[in-house]
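Below is one structure, written out as structure tokens, with a few remarks after it.
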Amino acid sequence: MPKILVNSVPKSGTNLLMQIIKGIPGVFNEQSISYDGVHFREILKIKPNQVVSAHIPFNASFSQELKSHSIQQVFIYRDLRDVAVSLVHFINNKLPQHPLFTVFTKRLLTFEEQLNAVILGIDFIGEEKNNQSGIERYPGIYEEFRMIYEWRKDSNVFSIRYEDLIQDDKSKDKTILNIIDYLWEDLLDLNMDKFQLLKLMKQNINPNASWTFRKGKIGGWQEEFTEVNKKNFKKVAGEFLIDLGYEKNNKW
């Protein structure tokens with residue numbers, strides 16, 4: 001049985017992928033919170049049959065350590081525009097400990113303003129500086145998450161797009177079957193074929209069991225972005241979207 005790391009860009013379907021992986025018979029998860037960039041080496045201690053989740057920026061030496069410990073990483077990412085929208089909603093509704101929460105409740109009251117802060121970054125002022133992180137500026141979502149996206153270029157990692165898991169049943173089945181092929185050369189130890197395993201993994205999906213789940217739509221940013229938001233995002237991460245394959249140019 002494999003040792004499995006589910007690494008992800010925040011707000012990119014971490015819990016969905018974890019539910020899918022935990023649908024594998026015998027796989028367990030003893031973790032209540034995700035590993036961060038400080039304690040990530042604890043992941044090297046996981047056991048066969050265990051899965052853990054994390055939001056870890058790319059690190060070439062850590063990639064080699066994972067390989068030497070026979071830990072297989074399934075990495076999931078999402079359109080950064082949808083990540084930005086989801087993050088704003090998440091901070092407002094469920095994450096008062098985030099350093100931007102006070103900014104949103106006392107200084108930036110409209111969704112457009114809040115989304116611009118997430119896109120462009122913002123300096124903390126006055127009592128906002130007394131946030132738990134101790135930082136004086138939020139750098140913007142591209143600067144915050146761009147190094148996590150770099151895992152998709154790592155040949156040791158199996159990378160998937162969130163959109164491929166929810167687009168339709170055909171795309172979901174293909175993606176999960178590819179995950180199975182990545183984790184096993186054969187399924188003799190499980191005493192089942194890959195299509196039986198696919199069924200079990202899909203049956204374990206339950207959006208209502210995820211406290212982070214809101215809508216999970218593809219392209220939901222189109223309903224939330226104003227023209228100002230679009231302009232700012234193109235300035236900060238327009239080329240990044242093209243590199244990720246979500247756009248062909250900046251004419252969106």
message = Please compute the alpha carbon radius of gyration of the range 1-140, then divide it by the globular-protein estimate 2.2 N^0.38 Å. Two decimals is fine.
response = 1.20
ask   = Regarding the range 94-147, what whole-number volume in Å³ per residue does the convex hull of its Cα atoms give?
value = 82
task = Express the carbon and sulfur contribution to the solvent-accessible surface of the chain as a percent, rounded to the nearest whole number, probe 1.4 angstrom.
result = 48
message = I'd like to check one number: the per residue accessible area of the range 153-252, probe 1.4 Å, reported in Å² as a whole number.
response = 63
remark   = Once phi for every residue in the range 98-108 is put through the Karplus expression 6.51 cos²θ - 1.76 cosθ + 1.60 (θ = phi - 60°), the whole-Hz ³J(HN,Hα) values, with Gly and Pro written as x, are 5, x, 7, 4, 5, 4, 5, 7, 10, 10, 10
remark   = Spelling it out for S53: with amide H atoms placed in the peptide plane at 1.01 Å from N, the residues 5 or more places away or on another chain with amide H under 5 Å from its amide H are V6, Y35
query = Can you list the equivalent-ellipsoid semi-axes of the chain, largest first and in whole Å, using the square root of 5 times each Cα gyration tensor eigenvalue?
reply = 33, 20, 17
ask   = Under 5 Å between amide H atoms, partner at least 5 residues away or on a different chain: which partners does I160 have, H built in plane at 1.01 Å?
value = F75, I76, Y77
note = Note, the range 227-239: 3J(HN,Hα) by Karplus (6.51, -1.76, 1.60, θ = phi - 60°), whole Hz, Gly/Pro = x, goes 4, 5, 4, 4, 4, 5, 5, 4, 5, 8, 9, x, 5
ask   = Fully extended, how many nm does the chain gain between K217 and S159 (0.36 nm per residue separation, minus their Cα-Cα distance)?
value = 18.9 nm
ask   = Among the listed pairs K11/K199; K11/K106; K106/K230; K174/K194; K153/K234, which are separated by more than 18 Å between their Cα atoms?
value = K11/K199; K11/K106; K106/K230; K153/K234
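The values are calculated or read from the model by the stated rules, or taken from the named source; none is laboratory data. Every value quoted in this text rests on a predicted model; they were computed, and no experiment measured them. Ligands, DNA and RNA are excluded from the accessible area calculation, which covers all protein heavy atoms including side chains. Shrake-Rupley method; radii C 1.70, N 1.55, O 1.52, S 1.80 Å.
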